[in-house]
């Protein structure tokens, strides 16, 4: 569903490579967690996936379509939530959702049913006719997630989606991601909450200094951590957080 092939991106006229020859494949029915320290290249990668940045080299394919060559079609297959949900402050919540429905061509009957269900899940019904300018950060995050889910996209691309969610909404959202994948959809998301990634993801990838340093299941990462720290085993019972620290420290 998502293929990233040899993608690189530099800033400062090429003086700083934010993403360095990244290759990743994420299939249908998979939740993939994208992990890394601050400044590792996670958000730059996500912006290239959704077409907000153009890669210097390599390509990104969404459902077999090159995002650089057929951007509108590729974007129609995905829902995206950025790390900072800057929405249209002068719209009400329901106006924003109807705008998203128009952009993605969601038919009226399906749109109404989907909006009602998502607003109920995120407990936004009482605020949906208020201006977005009056929303808290958490409410904006919920509205952005509702808009991204409205078209029932095949691929969900989420940059720190749990930030600002209350515990109940976070739990319901994780259940929704599981259902999305059970129905054949794909989720690609970045997070700093490693406990969430450990419990939710089928596979994870760890990026550091722009390079993918590890990927796979938790068992795969344990084997890679042993290879990085060959002097002593003991990785069998380690958490994802402990493995993450081992692998990233091994690269520094």
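The values are calculated or read from the model by the stated rules, or taken from the named source; none is laboratory data. Predicted model, so just to flag it, every value in this text is computed and none were measured. Here Cβ is always computed from backbone atoms with ideal geometry, including for glycine, and neighbour counts include all displayed protein chains.
Data overview
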quantity	calculated
Matching residues in segment 10-39 - criterion: being touching a helix residue (DSSP H, G or I) at 6+ places or on another chain (Cβ under 8 Å) and either free of Cβ contacts under 8 Å to residues at least 60 places away in the same chain or closer than 18 Å to residue 160 by Cα (or both)	30, 31, 33, 34, 35, 36, 37
Filter pass, residue 63 being surrounded by fewer than 19 Cβ atoms within 10 Å (Cβ to Cβ) and over 20 Å from residue 202 (Cβ atoms)	no
Any hit, segment 154-166, residues being in contact with a strand residue (DSSP E or B) (Cβ under 8 Å, 6 or more places away or on another chain), on the phi < 0 side of the Ramachandran plot and surrounded by fewer than 20 Cβ atoms within 10 Å (Cβ to Cβ)	yes
Residues of segment 56-90 classified as at pLDDT below 95, on the phi > 0 side of the Ramachandran plot and in a strand (DSSP E or B), total	0
Counted residues, segment 118-138 - those being surrounded by 20 or more Cβ atoms within 10 Å (Cβ to Cβ) and within 19 Å of the chain's Cα centre (by Cα)	2
Set 192, 171: member being in contact (Cβ under 8 Å) with a residue 12 or more places away in the chain and surrounded by fewer than 17 Cβ atoms within 10 Å (Cβ to Cβ)	192
Test: residue in segment 196-204 that is modelled with pLDDT under 90 and surrounded by fewer than 16 Cβ atoms within 10 Å (Cβ to Cβ)	yes
When residues of segment 41-55 are limited to those that are part of a loop (DSSP other than H, G, I, E, B) and out of contact with any helix residue (DSSP H, G or I) (no Cβ under 8 Å at 6 or more places or on another chain), the one surrounded by the most Cβ atoms within 10 Å (Cβ to Cβ)	41
Hits in segment 151-168 - residues which are in contact with a helix residue (DSSP H, G or I) (Cβ under 9 Å, 6 or more places away or on another chain) and farther than 21 Å from residue 101 by Cβ	159, 160, 162, 163, 164, 165, 166
Wholly enclosed helices (runs of 4 or more DSSP H) of segment 95-208 bearing at least 2 residues closer than 30 Å to residue 238 by Cα and assigned by TED's automatic domain parsing to the domain that holds residue 40	167-182, 194-200
Test: residue in segment 90-99 that is under 16 Å from residue 164 (Cα atoms) and free of Cβ contacts under 8 Å to residues at least 40 places away in the same chain	no
Counted residues, segment 137-156 - those being within 18 Å of residue 182 (Cβ to Cβ) and without any contact (Cβ under 8 Å) to a residue 40 or more places away in the chain	1
